[in-house]
Amino acid sequence: MSEQPATPSLEEAVPDCPRCQKPQPLCICDSVTPVESRTKLLILQHPQEQDRGLGTARLAAQHFKDAVVRVGLSWPGLTKALGRPVADPARWAILYLGSAKASDLDPEAEVIALTRKGEAAESQRAILKSIEGVILLDGTWSQAKALWWRNPWMLKCQRVILGPRQPSRYGQLRREPRRDALSTIEAAGMLLGALERRPDIAETLNASFERMLARYREVEQSHPELTPRPKPRKNQDRRRPKRSF
Ligand SMILES: [Zn+2]
């Protein structure tokens, strides 16, 4: 019996882009327009976040010169997570939805700063004006929750939530059961754009996201093996946001 050399499947043979870590046919990195922003960006990704096709953390980070993406479950503090000293974690906003709903607190606001009790903080404007960096948690609902509970230092940061005007552009590709659940790249654009009063930041990131989704849909037709839809989760997770904080 002679052994046949193993033929690699197309999925194995197609290299990943080192920047976005997507299979090359799904990569849109060459079209990314750099964005100047004074607010820093840190994205913490749960290690089980495996959605290479539709994930947006690395694409979002690529727009900003010194954005940081870290994969892990816990860090001793913000300085370690970021890899450089942070004088005052309270000047870093962390987006964590939890059970809070922007529409209940202030239907008009794009960004709401919360107290530790999950209520709208007083002097919103002063708080939001003082923010120098933002932290996003990248993963499913339960993964973001795990990151939140495993990193108690996050309580020293300024928790914020978003009140998006429209549902996520993922549409049918990845259902967001909560209207206020956005992709990581949409959340980055909305949060940085609102904090800096720079609608162009949100426009640039949303345009990149639209290009990523358009490419995904093309590749889904030509190479379906490269675009497996995320598997349905267990009962408990199915109705939860796939992509919130
Ligand atoms: Zn790429």
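A short reminder: the numbers here are calculations on the coordinates, not readings from a lab. All of these numbers come straight from a predicted model, not from anything done at the bench. Don't worry about glycine lacking a Cβ; one is built from the backbone with ideal geometry, like all the others, and counts go over all protein chains shown.
Data overview
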| quantity | calculated |
| --- | --- |
| Leu73 paired with Arg150, simple spin-label distance in nm, labels 7 Å along Cα-to-beta-carbon | 0.4 nm |
| Paired Rg and Dmax values of the chain, which use every Cα atom, in angstrom | 18.6, 77 |
| Of Lys129/Lys156; Lys80/Lys117; Lys40/Lys101; Lys40/Lys65; Lys40/Lys80; Lys101/Lys129, pairs whose Cα-Cα distance is over 19 Å | Lys80/Lys117; Lys40/Lys101; Lys101/Lys129 |
| Ser31-Val14 pseudo-label distance in nm [points 7 Å out on the Cα-to-Cβ vector] | 1.6 nm |
| When the stretch 71-170 is reduced to its Cα atoms, the Kirkwood hydrodynamic radius in Å | 14.2 Å |
| Between 0 and 90°, nearest 10: helix 141-150 axis offset from the chain longest Cα axis | 60 degrees |
| Cα-based equivalent ellipsoid, the stretch 8-91: semi-axes from gyration tensor eigenvalues, Å | 28, 17, 8 |
| For the stretch 103-211: relative contact order, % (alpha-carbon pairs under 8 angstrom, 6 or more apart) | 26 percent |
| Relative contact order [Cα under 8 Å, 6+ residues apart], the stretch 1-139, whole percent | 28 percent |
| The chain: relative contact order as a whole-number percent, Cα under 8 Å and 6+ apart | 25 percent |
| The stretch 42-166: antiparallel DSSP beta bridges as a percent of all, rounded to 5 | 20 percent |
| Check: the chain dipole with +1 on Lys, Arg Cβ and -1 on Asp, Glu Cβ, in debye | 780 debye |
| Highest-fluctuation residue, Leu59, Leu105, Leu182 considered, GNM on the chain with Cα pairs under 10 Å | Leu105 |
| Kirkwood hydrodynamic radius over Cα pairs of the stretch 1-144, then Stokes diffusion coefficient at 10 °C and 1.306 mPa s, in µm²/s | 89 µm²/s |
| Antiparallel %, DSSP beta bridges [both residues in the chain], to 5 | 25 percent |
| Estimated dipole of the stretch 1-146 in Debye, rounded to 20 [Cβ of Lys and Arg +1, of Asp and Glu -1, Cα centre] | 580 debye |
